[in-house]
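Shown next, in structure tokens, is the structure this report addresses.
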Amino acid sequence: MTIDSTVFKHYTQWQQALPQLSEELQTLAQDEAALSDSFYRFLEFGTAGMRGVLGLGTNRMNLYTVRRATAGLAAYLQQEGKAGGTVAIAYDSRLQSDVFAKDTALLLAAFGIKSCLYSTLHSVPQLSYTILKLGCAAGVVITASHNPPQYNGYKLYGSDGGQMAETEAAKVTACIEAVTDYLTLQPMEEAEALQKGLLTYLGEEMDSAYYADVLSLISAPEAIAQYASSFRAVYTPLFGTGRAPVSHMLSALGIRYSIVQEQAQPNGHFPGLSAPNPENPEAFALAIAQANAEGANLILATDPDCDRLGVAVRDHSGQFRILSGNEIGCLLLEHVLTVRAPLPADAFAVESIVSSLLAVRIAAAHGVQMRQVLTGFKYIAAEIARSLREGKGHFLFGFEESYGYLGGT
């Protein structure tokens, strides 16, 4: 077998350091193409973290590449004088997500860094809220968002609750690349981490705080109450984290709804879907059938980590039509700018450069600046952080055409 020197180096290191995986590694080596793809590089860590196919190898998501990333995060926090802070950790329904999340917490404990870990799967918005609520130094979410089931990932968040900005992400990347002992790192035992106060589990108390704060943002509860009795929705969490928070909000608002039971329980295999992405029409197939049977007016769908929202509504003929991210974003923007009037003089909204220009016109009609940024919610977060840092600008709304939206306070 002729293999690249880098592949051979990495493969040999794994063979020597991980004898318990010897049989699996030997099986992998029988497929030269698979071996090469698994070991030709380390899984890339970008500004949104890392994401890859589950499996053995340096270019795969597994316990050892997760430990490498966690060791790099620990080094970054120590380098920046933030090792005394706490890291918030959440995970979605994907395969191995719970295992990776707990291992991340216990490895941070081995480095003397505290973490607060959700005891059950939780969404990205809840993780971001937790960072701000508890004043955490950073956050980690184990998720591959809307990718196919063979993927998982490691998303990193800054102390502002947003995906880590490019400058800080570059520092973390440098720290990760400096980690050489990732195959022999040993997490702390759970009992010891709990006893030393290095690990705290989060649950209902944080959920209650999150729900209360979200409900406090409802601008027109009387309008919702007026139409709630004549309104009906169908919701699908697409096997992910959205069921608990979305169901709680709909119930609290008095909206009648049903859940697509076939997609209600967490399942990292996402049966029946090529990918759990609400941008794909297939994600709405069961929900549309259920909505037609029940006479529902609205369909909502969220991806596994619940940071993407898809919507379908009835058109003039009574058939359901799936709205694009641009359509949803523009509708929400118009609503926010209308109900928040009178608006602050320095109010602004943010959209990605590939999103609709209609949003620019909507903002202009309300006398609001529309800032356009590169694709990626980290850039919207950076604009919010800049306005807070400079004390200029009042953020009202941000969105991307890829089904991501964020309201200001």
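Just to verify a result, which residue in segment 226-238, among those that are in contact with a Leu (Cβ under 8 Å, 6 or more places away or on another chain) and not in a strand (DSSP E or B), is nearest to Gly295 (Cα to Cα)?
Here is the first cut: in segment 226-238, the ones in contact with a Leu (Cβ under 8 Å, 6 or more places away or on another chain) are 228, 231-236, 238.
In the following step, the residues that additionally are not in a strand (DSSP E or B) were identified as 228, 231, 238.
Details: Ala228: 14, Phe231: 10, Leu238: 21 Å.
Residue satisfying both the conditions and the ranking: Phe231.
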### Task
Report, ordered by the first and then the second residue, all pairs with beta carbons closer than 7 Å, sequence separation of six or more or different chains, a first member in segment 34-45 that is closer than 9 Å to Tyr11 by Cβ, and a second member that is modelled with pLDDT of 95 or more and among the aromatic types (Phe, Trp, Tyr).
Leu35/Tyr11; Phe39/Tyr11
### Task
Considering only residues that are among the small types (Gly, Ala, Ser) and part of a loop (DSSP other than H, G, I, E, B), look in segment 374-409 and name the one that is nearest to Ser324 (Cα to Cα).
Ser402
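Being in contact with a helix residue (DSSP H, G or I) (Cβ under 7 Å, 6 or more places away or on another chain), among the acidic types (Asp, Glu) and farther than 30 Å from Ser159 by Cβ narrows it down to one of Glu351, Glu282, Glu327, Glu334, so name that one.
Details: Glu351 fails: farther than 30 Å from Ser159 by Cβ; Glu282 fails: in contact with a helix residue (DSSP H, G or I) (Cβ under 7 Å, 6 or more places away or on another chain); Glu327 fails: in contact with a helix residue (DSSP H, G or I) (Cβ under 7 Å, 6 or more places away or on another chain).
Result of the check over Glu351, Glu282, Glu327, Glu334: Glu334.
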### Task
Can you confirm whether segment 221-228 contains a residue that is among the aromatic types (Phe, Trp, Tyr), more than 28 Å from Gly376 (Cα to Cα) and free of Cβ contacts under 8 Å to residues at least 12 places away in the same chain?
yes
## Note on the structure
Residue hits (segment 369-409; β-branched (Val, Ile, Thr), surrounded by fewer than 19 Cβ atoms within 10 Å (Cβ to Cβ) and free of Cβ contacts under 8 Å to residues at least 40 places away in the same chain) are Thr375
### Query
Inside segment 282-311, can you point out the residues that are of a type in the set (A, V, I, L, M, F, W, C) and more than 22 Å from the chain's Cα centre (by Cα)?
Ala285, Leu286, Ala287, Ile288, Ala289, Ala291, Ala293, Ala296, Leu298
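Tell me yes or no: at least one residue of segment 257-265 is part of a loop (DSSP other than H, G, I, E, B) and within 25 Å of Ser324 (Cα to Cα). I'd like the intermediate steps shown before the answer.
Pass one, segment 257-265, residues part of a loop (DSSP other than H, G, I, E, B): 260, 264-265.
Of the ones still in play, those that are also within 25 Å of Ser324 (Cα to Cα) are 260, 264.
Yes, there is a match, as at least one residue in segment 257-265 is part of a loop (DSSP other than H, G, I, E, B) and within 25 Å of Ser324 (Cα to Cα).
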#### Entry: Selection count, segment 171-216, where residues are more than 30 Å from Gly57 (Cβ to Cβ) and charged (D, E, K, R)
6
### Summary
Looking across segment 76-106 at residues that are closer than 15 Å to Ala138 by Cα and touching a Pro at 6+ places or on another chain (Cβ under 9 Å), the single one that is surrounded by the most Cβ atoms within 10 Å (Cβ to Cβ) is Ala105
### Query
Do we have Leu56 as touching a residue at least 40 places away in the same chain (Cβ under 8 Å), touching a Gly at 6+ places or on another chain (Cβ under 6 Å) and assigned to a loop (DSSP other than H, G, I, E, B) here?
no
### Task
Considering (1) assigned to a loop (DSSP other than H, G, I, E, B); (2) closer than 22 Å to Thr409 by Cα; (3) of a type in the set (D, E, K, R), say which one Asp305 fails and leave the rest.
(2)
### Message
Can you tell me how many residues within segment 1-42 are hydroxyl-bearing (Ser, Thr, Tyr), over 18 Å from Leu183 (Cα atoms) and at pLDDT 95 or above?
### Response
2
### Task
Could you list all residues from segment 270-287 that are in contact with a Pro (Cβ under 9 Å, 6 or more places away or on another chain) and assigned to a helix (DSSP H, G or I)?
Ala283, Phe284
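Test Ala347 against the criterion of being in contact with a Leu (Cβ under 6 Å, 6 or more places away or on another chain), in contact (Cβ under 8 Å) with a residue 24 or more places away in the chain and hydrophobic (A, V, I, L, M, F, W, C), and give yes or no.
Details: in contact with a Leu (Cβ under 6 Å, 6 or more places away or on another chain): yes; in contact (Cβ under 8 Å) with a residue 24 or more places away in the chain: yes; hydrophobic (A, V, I, L, M, F, W, C): yes.
It is true that Ala347 is in contact with a Leu (Cβ under 6 Å, 6 or more places away or on another chain), in contact (Cβ under 8 Å) with a residue 24 or more places away in the chain and hydrophobic (A, V, I, L, M, F, W, C).
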### Query
Within segment 62-80, is even one residue hydrophobic (A, V, I, L, M, F, W, C) and outside any helix (DSSP H, G or I)?
no
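The values are calculated or read from the model by the stated rules, or taken from the named source; none is laboratory data. Everything numeric in this text was worked out from a predicted model, so none of it was measured. Ideal geometry is used to build each Cβ from the backbone, glycine not excepted, and the neighbour counts take in all protein chains shown.
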